[in-house]
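Read the structure below first, then the notes.
The values are calculated or read from the model by the stated rules, or taken from the named source; none is laboratory data. Predicted model only: the values in this text are computed from it and were never measured. We place every Cβ from the backbone using ideal geometry, glycine too, and count neighbours over all the protein chains shown. To get the accessible areas, we keep the full protein, side chains included, count just its heavy atoms, and leave off ligands, DNA and RNA. Shrake-Rupley method; radii C 1.70, N 1.55, O 1.52, S 1.80 Å.
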Amino acid sequence: MESNTDWREHYLDSVAELDRRAAAWARLEEGLRRALREVALCGIGRDPDLDAALDRLRRAVRGSLGQGALEEQVSRVSQRARELERRGALHPLRRHLLDTLQRSECRIGARKARQMRARLDGVTEVEALALAAEMIEACTAGAAQQAAPGGGAVRSAGSGGVLRRLFRGGRARDERVVADGDGAVEAVTPGLRRLRRSLAGLLRAVLGPEEEDDDGLGKRIDGMAREVQDELPELIDSLATIASDVRGRLEAERDGLKRFMASLEGRLAEMEGLMASAEQAERAHQRCEADESRRMADELAGLGKELSRHDDVNKLKSAVNRHVDQLGRQLEARRRNEQQRAAALEAQLQSMRQRMESMESETRELRERLARAKASSREDRLTGVPNRRAWEERLDYEFARWQRHGRPLSMVFFDVDHFKLVNDRLGHAAGDQALAQIADCIQQRLRRSDFMARYGGEEFVALLPETGADDAVTVAEDVLQGLRESGFDFEGVNYSVTASAGVAAFQRGDGPAAVVKRADDALYQAKRAGRDQVRKAEAGRGGDSGAPEAGQPAAQGADAEHDQGR
Ligand SMILES: Nc1nc2c(ncn2[C@@H]2O[C@H](COP(=O)(O)OP(=O)(O)OP(=O)(O)O)[C@@H](O)[C@H]2O)c(=O)[nH]1
């Protein structure tokens, strides 16, 4: 019985022991499952402590350690994994800060960046934010140092003109940014955009808006900047050359005008002097004449006295002779004086006449120069057709006429198709020649009463008075046909070229800006429809007759639209 009881207890103990072990293994298995889940969640290689714990766990699982040690390793791995999981929300912030640090290393300095990177390990959210603030401060300090005269980038950029140095300084920084990775390419674009803006500003400041508009230089530079980003330093240099040429020309004009004004003042002063001396001479002459007259009167009085005093004829004769001689001498002297005075007056008159003539011719020349300058400020230098400024003036004029008379008025925009390819394939010089020939071709196909201008770049615009939308479409089609037939010549070879056109007629209530927009939209439609064709703007309010209703104001709301531009 005893032995039976012992055996049963022993058996039950064994079962209990097995149950305990099974439960322990189940716990361990559960622990391992959890650990593996968490490890999978966290990802291997994310953290040195976790990697070490995983290593120890791997060794424990391989069996060299006892169960207690195994459990301990599992619990360490899960604890570390849980910690990492808890800080998971920080990861994007940390990664972002690390990226930023890497990109900004050149500004912050390698040592400081290394220190900051070390501090990023295991930081809390608040600490990370504090670190970000510190980073911003360090970057700003770095930038300020670089911007300072003789600072970093500018100093290392070498010689070759202020603009070139500035740009190279900027580009060197940008290049470093590009080298940092794909996302950083974004950082270059705003830089270039800023640069283009600065170029446009520079252009406007140096040339003035009129010069810029003259040949669409601003637009051209923008296009070129986009195309040849790498060649921007050269572009800036050529821009600086153009600017200094134009400024030189303007300064020469101003100096010429100054010189003319100075010489005009000199001439006027000279003439004033001549007039004053003529007046003086006249006064002296009058004094002389008065003296002479007095002397002659004295002589005559003396003669009278002699006549009454002398009874003796001989004495009387000699006295009369004396007086007559004296009077004769006085008259002779007076005649000589008169002759001299007449000669002096003639000389003065002659010199004044010469001065007047030279002043007239200089004034005429100046007037012509001013007229030429005025005309050239309204002419596109590249193509010789009116420029944007002339266009604005003519548009105002034709718009006012249209408002007054209400006769049809249409606008056509022409844009050369794929013009970029001409530049790309044949070079900019060919592009320039093509534009001049295209402008000529358009002008040839228009009436003399029409007005055509270069709107900018490869875009031209025409105003067709007394022409409704449908007739304007016919004219535009004729122009496109002309371009198709003539193409353009470059270095003895004829190349084909086409253009697209958008037509819009003035409608009741229109201001110029509304018509410009409709014609431009129509041009866009022509481009979208495959180019080399004309599109007419949809007739909006009031039909497309082009004529305001009799007695109605033609341009309701036009004033508001008028200055908006495109
Ligand atoms: N040679 C030269 N090129 C110019 C001038 N003004 C603008 N361009 C160029 O004209 C081209 C216009 O290109 P885009 O605006 O892309 O138009 P496009 O190639 O004509 O194409 P679509 O208008 O869509 O048919 C750019 O390459 C400008 O550099 C200029 O005065 N001379």
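How do Met116, Met275 stack up against each other in accessible area, from largest to smallest, with a 1.4 angstrom probe?
Met275, Met116
Between Leu316 and Glu292, what FRET efficiency comes out of the Förster formula 1/(1 + (r/R0)^6) with R0 = 30 Å and r the beta carbon distance, rounded to 0.05?
According to the calculation, E is roughly 0.70.
When the Karplus curve 6.51 cos²θ - 1.76 cosθ + 1.60 is applied with θ = phi - 60°, which whole-Hz ³J(HN,Hα) does each residue of the stretch 358-371 get, with x for Gly and Pro?
These are the phi-based 3J(HN,Hα) values: 5, 5, 4, 5, 5, 5, 4, 4, 4, 4, 5, 4, 5, 5 Hz.
Keeping all protein chains in position, work out how much accessible area Asp440 exposes to a 1.4 Å probe, and write it in Å² to the nearest 10.
80 Å²
What residues have an amide H closer than 5 Å to that of Lys536, excluding those fewer than 5 places away on the same chain, when H is modeled at 1.01 Å from N in the peptide plane?
Val503
In a solvent-free Debye calculation with one equal scatterer on each Cα, what is log10 I(q)/I(0) for the stretch 300-346 at q = 0.22, 0.28 Å⁻¹, listed in the order of the q values?
Evaluating at q = 0.22, 0.28 Å⁻¹ gives log10 I(q)/I(0) of -0.71, -0.92.
In Å, what is the Rg of the alpha-carbon atoms in the stretch 388-562, and how long is Dmax?
16.5, 57
Going highest first, how would you order 395-403, 467-475, 315-323 by mean Cβ packing within 10 Å?
Highest-to-lowest ranking by the protection proxy: 467-475, 395-403, 315-323.
From the backbone phi of the stretch 396-409, what are the Karplus-calculated ³J(HN,Hα) couplings (6.51 cos²θ - 1.76 cosθ + 1.60, θ = phi - 60°) in whole Hz, Gly and Pro given as x?
Here the 3J(HN,Hα) series is 4, 5, 5, 5, 5, 5, 4, 5, 6, 9, x, 7, x, 8 Hz.
Determine, from the Cβ-Cβ distance of Asp255 and Glu279 and an R0 of 41 Å, the FRET efficiency 1/(1 + (r/R0)^6), rounded to the nearest 0.05.
Efficiency at R0 = 41 Å is approximately 0.70.
I need to check one value: relative contact order of the stretch 388-562, counting alpha carbon pairs closer than 8 Å and at least 6 residues apart, in percent.
29 percent
Give me the distance in nm between label points sitting 7 Å out from Cα along the Cα-to-Cβ direction at Gln115 and Gln403, one decimal.
Label-label distance for Gln115 and Gln403, simple model: 6.9 nm.
In square angstrom, rounded to the nearest 10, how much accessible surface does His310 have for a 1.4 Å probe?
Accessible area, nearest 10 Å²: 40 Å².
Residue by residue through the stretch 6-19, what is 3J(HN,Hα) from phi via Karplus (6.51 cos²θ - 1.76 cosθ + 1.60, θ = phi - 60°)? Round to whole Hz and write x for glycine and proline.
Listing the rounded values in order: 4, 4, 5, 5, 4, 5, 4, 4, 4, 4, 4, 4, 5, 4 Hz.
Suppose accessible area is computed on protein heavy atoms with a 1.4 Å probe; arrange Arg114, Arg378 from highest to lowest.
Ranked list, largest accessible area first: Arg114, Arg378.
Using modelled amide H (1.01 Å from N, peptide plane; none on Pro or chain starts), what sits under 5 Å from the amide H of Asp417, excluding residues fewer than 5 places away?
Thr498, Ala499, Ser500
What accessible area, in Å² to the nearest ten, does a 1.4 Å probe give for Asp510?
Accessible surface of Asp510 is approximately 0 Å².
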